[in-house]
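Take a look at the structure below.
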Amino acid sequence: MIALFGGTFNPVHEGHISLALEVKDAFNFESIEFLPSYISVHRDTPRVSAEFRKHLVELALEPYPCLKLNSCEIDRHGPSYAIDTVEFMTDKYPQQSICWLMGADSFNSFLSWKNPQEILQKANLIVCTRPDIEIDSNIFPSLYLKSNESLDDFNSGRIVFHEMQPNSCSSTKIRQLLKQQLSVSGCLPQPVLEFIHTNNLYKT
Ligand code: ATP
């Protein structure tokens, strides 16, 4: 099973790392692939370029061989639709099934994604809790993994929830703090913070 973790990663932070490590252990994945978007469809275009965001992900993942960068959305250019990425990966690895990882806020907007039903025909979803976000339980409730089922038995079409150790890091909050030159301690890996400072990112 291939585990894909999409995001704007503007910038990548400790909440993203924790989510990936927790899911890896909880579901016995060999690795988790981080997919920085090129153009995030549901957000304003980041002022920091895709190449910079990708490099920040590389720096953040360096200490964790089990966490890998997958730059297919950046290489593809254009709007980064999950369905296109899922199709690209299933074409590339037809023997593998796909799990798409996300936080609760992303899941709550899932019905507004391009072809959500088709995504679920081709992949499973793992949804992680996030502080102060209540998961919307009206989104494909018939597909929730039942307590007597194992995700390993499904190549696609199941949604499973993972209760994460609460982590309050958020990219929006980090950008606001950096702009005000306030401390972001605990939320950014040191090499990420250093690269941001050296390259004057998130100052405006
Ligand atoms: P923003 O604060 O601007 O919403 P973000 O911190 O959510 O940004 P993204 O790149 O949008 O960063 O996140 C990628 C994925 O990681 C999303 O599915 C999001 O829900 C999830 N995520 C991010 N931070 C956390 C966290 N602290 N706990 C759980 N999930 C998270």
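Residue by residue through the range 109-150, note down the ones that are part of a helix (DSSP H, G or I) and either within 17 Å of PRO166 (Cβ to Cβ) or in contact with a strand residue (DSSP E or B) (Cβ under 6 Å, 6 or more places away or on another chain) (or both). If you could, list the steps in order and put the result at the bottom.
Quick first cut of the range 109-150, residues part of a helix (DSSP H, G or I) only: 110-112, 116-122, 141-143.
The answer is LEU143, and nothing else.
Scan the range 156-167 and give yes if some residue there is charged (D, E, K, R), in contact (Cβ under 8 Å) with a residue 24 or more places away in the chain and in a loop (DSSP other than H, G, I, E, B), otherwise no.
Kept after step one, since they are charged (D, E, K, R), are these residues of the range 156-167: 158, 163.
Next, from what is left, pick out any that are in contact (Cβ under 8 Å) with a residue 24 or more places away in the chain: 158, 163.
Now narrow it down to the ones that are in a loop (DSSP other than H, G, I, E, B): 158, 163.
Taking every residue of the range 156-167 in turn, at least one turns out to be charged (D, E, K, R), in contact (Cβ under 8 Å) with a residue 24 or more places away in the chain and in a loop (DSSP other than H, G, I, E, B).
Filter the range 8-45 down to the residues that are charged (D, E, K, R), closer than 17 Å to TYR64 by Cα and more than 9 Å from the ligand (Cβ to nearest atom) and list them by number.
In the first step, residues of the range 8-45 are kept if they are charged (D, E, K, R); the result is 14, 22, 24-25, 30, 33, 43-44.
Keeping just the survivors that are closer than 17 Å to TYR64 by Cα gives 14, 22, 24-25, 30, 33.
Correct list: GLU22, LYS24, ASP25, GLU30, GLU33.
List every residue pair whose Cβ atoms lie under 7 Å apart, where the two residues are 6 or more positions apart in sequence or sit on different chains, the first residue falls within the range 129-143 and is within 13 Å of GLN117 (Cα to Cα), and the second residue, located anywhere, is assigned to a loop (DSSP other than H, G, I, E, B) and of a type outside the set (D, E, K, R).
Close Cβ pairs (under 7 Å, with a partner that is assigned to a loop (DSSP other than H, G, I, E, B) and of a type outside the set (D, E, K, R)) amount to LEU143/GLY157.
Residues checked against (1) of a type outside the set (Lys, Arg); (2) within 14 Å of the ligand (Cβ to nearest atom):
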| position | (1), (2) |
| --- | --- |
| ILE126 | yes, yes |
| PRO131 | yes, yes |
| GLU134 | yes, yes |
| SER137 | yes, no |
| LEU145 | yes, no |
| SER150 | yes, no |
| ARG158 | no, no |
| HIS162 | yes, yes |
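Quick note: the coordinates plus some simple rules give every number you see, no bench work behind them. All values reported here derive from a predicted model rather than from experimental measurement. When we count neighbours, we look across all protein chains shown, and the Cβ atoms used for this are built from the backbone with ideal geometry, even at glycine.
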